[in-house]
Amino acid sequence: MIFNNPKNLEERILTHLQKGPHRVSDLIDDIKKIRPKTTKQGVYATLRSLRKDEVVVLHGGFVSLNTVWLDKMSDYFSVAMRAYTSPSIKVDVILSLQDGDSIQYYFKDPVVTDAFWSHVFYLLTATMSKKEPVFLYNPHEWFLLARTENEKNLMDNVTEQGRLYLMTVGNKYPLDRYVGKYFDGTKAQYFFSEKKLFAKNNYYLNIIGDYLIEVWLDPIITKKLDELYKQAEQFTEKEQIALQEIVTLRSRSKLKISRNSKKALRLKKLLSRAFYLPKNKT
């Protein structure tokens with residue numbers, strides 16, 4: 001997805017076209033299913049604007065992304081990725097942390113927290129050794145329900161690099177089990193812990209090499225998430241709306257990034273027991 005949560009008609013169109021050319025009439029029908037109030041005239045006006053900006057091409061009743069624009073975007077992201085992930089360019093203080101150092105950030109809600117969290121995750125996985133698995137612990141893996149595309153992209157990015165993506169969750173409610181479908185059981189593995197691993201139920205953890213990303217969500221948000229998970233028997237539109245309302249509530253989240261080889265090793269041993277690790281993986 002170009003946009004995890006398309007907010008306007010232009011973003012919605014670009015998201016649809018990411019998967020290939022569409023007949024204009026089919027595109028209009030698809031968008032009206034998601035945005036019932038969207039008019040045919042509105043879609044055509046937006047397409048004309050995108051064509052004027054050379055973002056899309058219209059021909060024979062079909063619309064597609066302009067490959068020239070795609071090449072430009074590809075160049076832009078390639079340069080940006082090199083700037084933000086190259087170990088030789090210390091543009092981010094995170095990569096300059098020494099063993100034992102840490103840095104903390106505070107955010108206004110879980111979604112904003114996750115946006116920065118994802119940036120750090122990409123940064124570290126792009127620069128760390130590809131031999132080691134990535135370990136994760138979440139009380140609930142709600143990200144695959146509320147921020148599906150973003151979370152799937154993170155997972156795919158890890159596994160496509162040849163790493164293992166090892167997720168432990170601290171609960172086993174129906175919604176916890178539901179997201180197990182996104183894990184293949186080999187490159188991406190998913191485990192329900194039978195015992196309490198960490199004291200606080202608002203604690204989230206990623207381990208990438210010697211780095212740890214630790215997150216503490218607001219206790220009020222955590223309580224609401226727990227209540228939703230305890231009550232929900234399945235994941236429907238009702239639960240999705242309720243979840244989105246919870247994770248966009250104004251609150252205070254803390255994110256800590258540290259480089260601590262001893263702590264990372266200890267926590268890897270704790271989290272690795274439930275997973276299958278091939279001999280060539282650390």
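All of the numbers you see were taken from the coordinates with simple rules; none came from a lab. The model shown is predicted, which means the values in this text are computed figures rather than measured ones. FYI the Cβ positions are ideal-geometry reconstructions off the backbone, even for glycines, and counts take in every protein chain you see.
Please identify the longest segment of the chain free of exposed GluC sites (Glu not before Pro), where exposed means a DSSP state other than H, G, I, E or B and no more than 10 other Cβ atoms within 10 Å. If you can, show how the numbers build up before the last one.
Numbers: sites that count: Glu194, Glu233.
With GluC sites (Glu not before Pro) excluded where exposed in loops, the chain gives 1-193 as its longest stretch.
Per-residue extension of 0.36 nm, minus the Cα-Cα distance of His59 and Gln41, leaves a gain of 4.7 nm for this segment.
Of all alpha-carbon pairs in the chain, indicate the percentage at a distance above 30 angstrom. Provide the component values of the computation, followed by the final result.
On the way: 15767 of 39621 pairs.
The answer is 40 percent, as a whole percent.
Counting only Cβ charges, +1 for Lys and Arg and -1 for Asp and Glu, the dipole size of the chain around its Cα centre is about 560 debye.
Scan the range 146-231 for trypsin sites (Lys or Arg not before Pro) in coil per DSSP, keeping those whose Cβ has at most 14 other Cβ atoms within 10 Å, and list them by number. Intermediate values should be presented prior to the final figure.
On the way: sites: Arg147, Lys152, Arg163, Lys172, Arg177, Lys181, Lys187, Lys195, Lys196, Lys200, Lys223, Lys224, Lys230; in loops: Arg147, Arg163, Lys172, Lys187, Lys195, Lys196, Lys200.
Those satisfying the criteria are Lys172, Lys195, Lys196, Lys200.
For the chain, build the charge dipole from Cβ charges (+1 Lys, Arg; -1 Asp, Glu) around the Cα centre, then report which of Thr113, Met128, Ser25 sits farthest towards its positive end. Value: Met128. Restricting the range 233-282 to trypsin sites (Lys or Arg not before Pro) that sit in a DSSP loop and have at most 16 other Cβ atoms within 10 Å of their own Cβ leaves Arg250, Arg252, Arg273, Lys279, Lys281.
Normalised by the number of residues in the chain, the mean separation of alpha-carbon contacts (under 8 Å, six or more apart) gives a relative contact order of 20 percent. When the listed pairs Lys181/Lys256; Lys200/Lys223; Lys172/Lys195; Lys196/Lys254; Lys19/Lys238 are checked against a 18 Å cut-off, the alpha-carbon distance exceeds it for Lys181/Lys256; Lys196/Lys254; Lys19/Lys238.
If the segment from Glu10 to Arg252 were pulled out straight at 0.36 nm per residue, it would be longer than the present Cα-Cα gap by 83.9 nm.
When Rg and Dmax are taken over the Cα atoms of the range 163-282, they come to 15.7, 45 Å. Projecting the alpha carbon convex hull of the range 9-69 along each direction and taking the average yields 3.7 nm².
Overall shape of the range 109-169 was characterised from the C-alpha gyration tensor. The equivalent ellipsoid obtained from it has semi-axes of 19, 13, 10 Å, in decreasing order. Between Thr236, Leu197, Leu212, the Cα set farthest toward the positive side of the dipole of the range 138-246 (charges on each charged residue's Cβ, about the Cα centre) is that of Leu197.
Taking the Cα centre as origin and putting +1 on Lys and Arg beta-carbons and -1 on Asp and Glu beta-carbons, what dipole magnitude results for the range 81-202, to the nearest 20 debye?
Roughly 200 debye for the range 81-202.
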